[in-house]
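A quick write-up on the structure given underneath.
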Amino acid sequence: MSASYSASWRRGNPRLLLLLLCTIWSTTGLLVQAKVHYHKWDISYKFKSPDCFKKLAVTINGQTPGPTINAQQGDTIVVRVKNSLLTENVAIHWHGIRQIGTPWFDGTEGVTQCPIVAGDTFVYRFVVDRPGTYLYHAHYGMQRSAGLYGLIRVAVPDGVVEPFAYDYDRSIVLNDWWHNSTYEQATGLASIPFVWVGEPQSLLINGRGKFNCSLAGPTAVCNATNPECSPYVLTVVPGKTYRLRIASITSLSALNFEIEGHNMTVVEADGHYVKPFVIKNLNIYSGETYSVLFTADRDPSRNYWLAMNVISRKPGTPTGTAVLNYYPNHPRKSPPTSPPVGPPWDDAAYRFNQSHAIRSHPDYVHPPPLTSDRMIILLNTQNRVDGYTRWSLNNVSFNMPHTPYLIALKENLRHVFDQRPAPETYDYRNYDIHSVPENHNATTGTSIYRLDFNSTVDVILQNANMIEANKSETHPWHLHGHDFWVLGYGSGKFDPEVHPKEYNLVDPIMKNTVPLHYYGWTAIRFRADNPGAWAFHCHIESHFFMGMGIVFEEGVDRVGELPTSIMGCGDSKSLRGP
């Protein structure tokens, strides 16, 4: 303390005293507001019957879905994860959390950390820096589809008012479900001849669905009266308005969701406020989250369906249902109608138009940079590599190295992945996206995209025909460590000299996951301002497993010292020490 400061303090300088008290109050307020939430998770296999069919599921503390993480903006989340799978590794990704300052806790095996080996315990610690609706899920192999997933809900700080009003806040997680194990699925994808995972057996709402047990094999255990597969019930009070947070963690399916007889107003997407618009059906793709408002203003003497149906693929799975229960009706009282079947699964224009309608709320627009420093065009194709069926970007199918990229980059382990630049574009002038590619063959690669720190990057996702004639698929793309501006969607082939003039630079929505519609393109823009190594990949589990992803590196020299807990695989074994 300086002499003048000390003298002023002894004399009781009122201005200085007031300043000091304000500082103490401010600091104390910050300490009170920012909480630390501790979670202790045990990851293990349990026999579960979420759709009445008994099978092994990966659970958190014996449950799937796992526990919802509730926090407030600025809070710290600490999750102590014990891997009790015995013969299987684990990594958990905190989907939509940007991990600013903690890139090593992104939870992406092979990119930001070594996996948590069987019997080990790993502690994730990160700050939830933005309010909104997010997810967590396994990011090792195809483990996500085995049941390791859950919801993250981040509230606004006390005293902050959101741009919409409601009486109650509820949430649902949508998922698709297979009876085959992830080992069987992965083995089929990596075999010659190729064995596709097929359509899911069931669709689950908050971990509950209904499989027709008469279709189960003679050795299967399927019990239609098992309470584990009784429908999820959302009880509402007549006349009240509800915020419904909807999250999709599907491994394959694009979904259309509706509340029978009720309109929904979309108000949030991936943690960002939306210019409100009213819909009857919501298209939601794997990895996306939305908040919608609806009012319980229908005939209160009956219950209604919550229903979801597969879109963009020819459905082979029955409608997934839950019950909207109008209090005081009995929650098990079935609606008197058949479950809604949704719009036609192949109505591409309907899906395209809804994507276009999602804009930033006028009071919460974050203007994008008007120009970019770099444009990367990624052609999404299905290919063969040495006879194996793979997905590729610009004719390169992604392979994960044994040493995670973040560790390799920070520790200058140049030999563990290909140092050649990844391909920036393809021959867009001559490539016919509507035809089966003349050359089916691609190569595998471990190259990454090195971005100048703080630069502005445009990524154009270009869809095309698959190996099978007259077939293209919707791909939901997820970027780790960032939110991006969705500048536009288009049908047909992207022309870098024409289509950038059509970008929405006024009120584009920011998201972390975006659909690429078939035979079309999606343009996104982001700032490379988060030091680390970040995955960017199709969120369909089997597609990423088959090579549909890339990695961005930015500002790794600014990353702090890596915790040794993320090391121990590949060439990072020697860095962990005894």
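The values are calculated or read from the model by the stated rules, or taken from the named source; none is laboratory data. Computed from a predicted structure; not experimentally measured. Positions of Cβ are generated from backbone atoms using ideal geometry, with glycine treated the same way; all protein chains shown enter the neighbour counts. All accessible areas refer to the heavy atoms of the entire protein, side chains included, with ligands and DNA or RNA removed. Shrake-Rupley method; radii C 1.70, N 1.55, O 1.52, S 1.80 Å.
For this structure, a couple of remarks:
- Close contacts from segment 299-318, counting a first residue that is part of a strand (DSSP E or B) and a second that is among the acidic types (D, E), with Cβ to Cβ under 7 Å and a gap of 6+ residues or different chains, come to Y304/E260; W305/E260; A307/E258; A307/E260.
- Test: residue in segment 251-266 that is among the aromatic types (F, W, Y), buried (at least 23 other Cβ atoms within 10 Å of the Cβ) and not in a loop (DSSP other than H, G, I, E, B): yes
- Residue check for I433: within 28 Å of Y519 (Cβ to Cβ) and open to solvent by less than 10 Å² (accessible area, probe 1.4 Å): yes
- Candidate set from segment 267-304 (those that are open to solvent by less than 10 Å² (accessible area, probe 1.4 Å) and hydrophobic (A, V, I, L, M, F, W, C)); member that is farthest from G207 (Cα to Cα): V274
- Contacts under 9 angstrom Cβ, first residue in segment 153-167 being closer than 13 Å to G132 by Cα, partner open to solvent by 70 Å² or more (accessible area, probe 1.4 Å) and modelled with pLDDT under 95, 6 or more apart: P157/Q33
- Selected residue (only one of E260, E288, E268 is of a type in the set (D, E), in contact with a Phe, Trp or Tyr (Cβ under 7 Å, 6 or more places away or on another chain) and within 28 Å of R130 (Cβ to Cβ)): E268
- Segment 344-355 - residue that is part of a helix (DSSP H, G or I) and surrounded by fewer than 13 Cβ atoms within 10 Å (Cβ to Cβ) and, of those, nearest to the chain's Cα centre (by Cα): N353
- Scan of segment 483-524 for residues that are closer than 21 Å to G132 by Cα and not acidic (D, E), ordered by number: F484, W485, V486, P508, I509, M510, K511, N512, T513, V514, P515, I524
- Residue match in segment 470-492 (condition: in a loop (DSSP other than H, G, I, E, B), aliphatic (A, V, I, L, M) and either open to solvent by 10 Å² or more (accessible area, probe 1.4 Å) or at pLDDT 95 or above (or both)): no
- None of V237, V221 is farther than 23 Å from G316 by Cβ, touching a residue at least 60 places away in the same chain (Cβ under 8 Å) and among the hydrophobic types (A, V, I, L, M, F, W, C) except V237.
- With respect to (1) more than 25 Å from P476 (Cβ to Cβ); (2) touching a Phe, Trp or Tyr at 6+ places or on another chain (Cβ under 9 Å); (3) β-branched (V, I, T); (4) open to solvent by 10 Å² or more (accessible area, probe 1.4 Å), the lone exception for T64 is condition (1).
- From the options T403, T444, T381, T389, residue that is over 20 Å from K511 (Cα atoms), part of a strand (DSSP E or B), touching a helix residue (DSSP H, G or I) at 6+ places or on another chain (Cβ under 9 Å) and at pLDDT 95 or above: T389
- Residues located in segment 447-469, provided they are in a loop (DSSP other than H, G, I, E, B) and not β-branched (V, I, T): S447, D452, F453, N454, S455, N463, A464, N465, M466, E468, A469
- Yes/no for N465 being of a type outside the set (A, V, I, L, M, F, W, C) and open to solvent by 10 Å² or more (accessible area, probe 1.4 Å): no
- Among the conditions (1) basic (K, R); (2) without any contact (Cβ under 8 Å) to a residue 24 or more places away in the chain; (3) more than 27 Å from G532 (Cβ to Cβ), the only one that R414 does not satisfy is (3).
- Q185 under 21 Å from A254 (Cα atoms), surrounded by 20 or more Cβ atoms within 10 Å (Cβ to Cβ) and either out of contact with any strand residue (DSSP E or B) (no Cβ under 9 Å at 6 or more places or on another chain) or not assigned by TED's automatic domain parsing to the domain that holds T112 (or both): yes
- Which numbered condition Q72 fails, given (1) more than 27 Å from R125 (Cα to Cα); (2) at pLDDT 95 or above; (3) open to solvent by 10 Å² or more (accessible area, probe 1.4 Å): (1)
- The set of residues in segment 130-149 that are at pLDDT below 95 and assigned to a loop (DSSP other than H, G, I, E, B) comprises G141, M142.
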